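Participant: Shown below is the structure under consideration.
Readers should treat all values here as calculations from the given coordinates under stated rules, not as data from a laboratory. On a predicted model such as this, the values are computed, not experimentally measured, just so you know. Glycine also receives a Cβ, built like all others from the backbone with ideal geometry; neighbour counts cover every protein chain displayed.
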Amino acid sequence: MTPTRRRFLSISAAAIALPGAAMALTQTARWSGVAFGAPASVTLVGISAIDARPVFARLEAELARLERIFSLYRPDSALVRLNQTGRLVAPPPELLGLLTLAGRIHGATEGAFDPTVQPLWSAHANGGDVATARHSVGWEGLRFDAQEIRFERPGMALTLNGIAQGEITDRIAALLGGQGFGDILVDIGEIVGRGHRPDGTPWQAGIATPEGDILERITLSDRALATSAPKGTRLTGDQGHILGPQGQVPRHSIVSLSAPNAALADGLSTALCLLDGPSAQAAVARFAGAKIEIIA
C-alpha cells in the first residue's frame, strides 16, 4: 500500500482564495511544497516573495527536521526507530511533548484516541491477522519519560498520523511567529490562521467533504482547524483509515473541530469520529477553547 497522509487535503478545511484586489493591498508571499507526503502551503502577509526566500528556506529545514522525528515512513525517523526496536533512548523533546498531549486526549476520549493502534491498522491494510494484532494494542503498554520511550509488550508500534500533522502545523506557525510574522496562514493538513488577511479581515476556511463539497465556512483568527473523515482514505474495501484500539468502527462520517492549537484539534477530530454525541461533547469540554464545528 502506498503511504498516504491520514487524510487527503481534499477533505481538510481548505483556505478560501482572496480576490486579486484584496491581495494587492499588502505584499504577500506564498510557499507551496510537500509535508508528510502531501501538498502543504503557507501564506505570509507583509513581505515580498523575494524577501521571503530565506524565511521559506528555514521553514523547509524545520519541516525536514520534524519529519525525522514524527514520520511513520522515513527509515531515519525517531518514530520508525522506536517501532523497529521497541525502545528509544533519549527521545526528542518534541516527541515526548506530543505523547503527553496524546495521553491527555486518550484519557478524555474514553481511550478512543490511541496511537498504539498501528499494528491493527497495518493488519487491516496488509491483510494480516487482525485478531493477533489487537493483542499488541493498548496505551497502557507504552512507557515514556525523558530517558526513554519503550513498549511493554511484543508487537507494539505507534502511529502519530492522527495528531502529528497538527503538531507540525503548530510548530511552523510558531517558527514564523518567532520571526516577527503576525499575519500568517499555515496549511499542513490542519490549518492555523494567525492575525489577518491582507485586507485586514480574518482568515476564512471552508470545511469540505471527501467529495469536495463545502459544508460550512468559518473564520480563523488566532485559531486552528482540523477535519477528519474516516472514509476519506480506505485501507481495504469499505474499511476506513480511522480505527478504535479494539477495532471499533467510526460513528461519524466527518468531524471538524477548532481549537487554540492544531495538534489538539487534530487529535480530537480523529477521536470524535469513534464517539457518540454525548461522549464527544464531554471530551471536548475538557479542553479550554476547543469547539466542535461539524459532526455528522
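Participant: Using helices alone, what [θ] at 222 nm do you get for the chain, with -39,500 (n - 2.57) per DSSP H run of 4 or more residues, divided over all residues and rounded to the nearest 500?
Facilitator: It lands at -9500 deg cm²/dmol.
Participant: With a 10 Å cut-off between alpha carbons and a GNM built on the chain, which of 111, 195, 180 moves the most?
Facilitator: Result: 180 has the largest fluctuation of those listed.
Participant: Order these by the 10 Å Cβ neighbour count, fewest first: 252, 135, 241.
Facilitator: Least to most surrounded, the residues fall as 135, 252, 241.
Participant: If I stretch the segment between residue 130 and residue 144 completely, what's the gain in nm (0.36 nm per residue apart, minus their alpha carbon distance), one decimal?
Facilitator: Result for the pair: 2.4 nm of gain on full extension.
Participant: Please state the charge dipole magnitude for the range 78-151, taken about the Cα centre, from unit charges on C-beta atoms (+1 on K and R, -1 on D and E), reported in debye and rounded to the nearest 20.
Facilitator: 140
Participant: Residue 293's amide H: which non-local residues (gap 5+, or another chain) put their own amide H closer than 5 Å, with H modeled 1.01 Å from N in plane and none for Pro or chain starts?
Facilitator: 256, 257, 258
Participant: Give, as a single signed number, the net charge of other residues whose beta carbon lies under 13 Å from the beta carbon of residue 259, with Lys and Arg counted +1 and Asp and Glu -1.
Facilitator: Result for the neighbourhood of residue 259: -2.
Participant: Something else: Which FRET efficiency value, to the nearest 0.05, do you get for residue 58 and residue 249 by plugging their Cβ-Cβ distance into 1/(1 + (r/R0)^6) with R0 = 35 Å?
Facilitator: Computed FRET efficiency for residue 58 and residue 249 comes out at 0.25.
Participant: Once you've got the GNM for the chain with C-alpha springs shorter than 10 Å, pick whichever of 147, 165, 204 has the biggest mean-square fluctuation.
Facilitator: 147
Participant: Another question, if that's okay. Measure out, as a whole number of angstrom, how far apart the alpha-carbon centroids of the range 41-64 and the range 165-193 sit.
Facilitator: 11
Participant: I would also like to ask the following. Take the chain, connect every pair of alpha-carbon atoms lying under 10 Å apart with a spring to form a Gaussian network, then pick out the residue of 96, 215, 82 with the largest mean-square fluctuation.
Facilitator: Evaluated over the chain, the most mobile residue of the options is 215.
Participant: Collect residues whose amide H, placed 1.01 Å from N in the peptide plane, falls under 5 Å from the amide H of residue 215; neighbours closer than 5 in sequence don't count.
Facilitator: Placed amide hydrogens put 207, 208, 209 under 5 Å from residue 215.
Participant: A further question follows. What number comes out for the charge environment of residue 106, summing +1 per Lys or Arg and -1 per Asp or Glu over other residues with Cβ under 13 Å away?
Facilitator: -1
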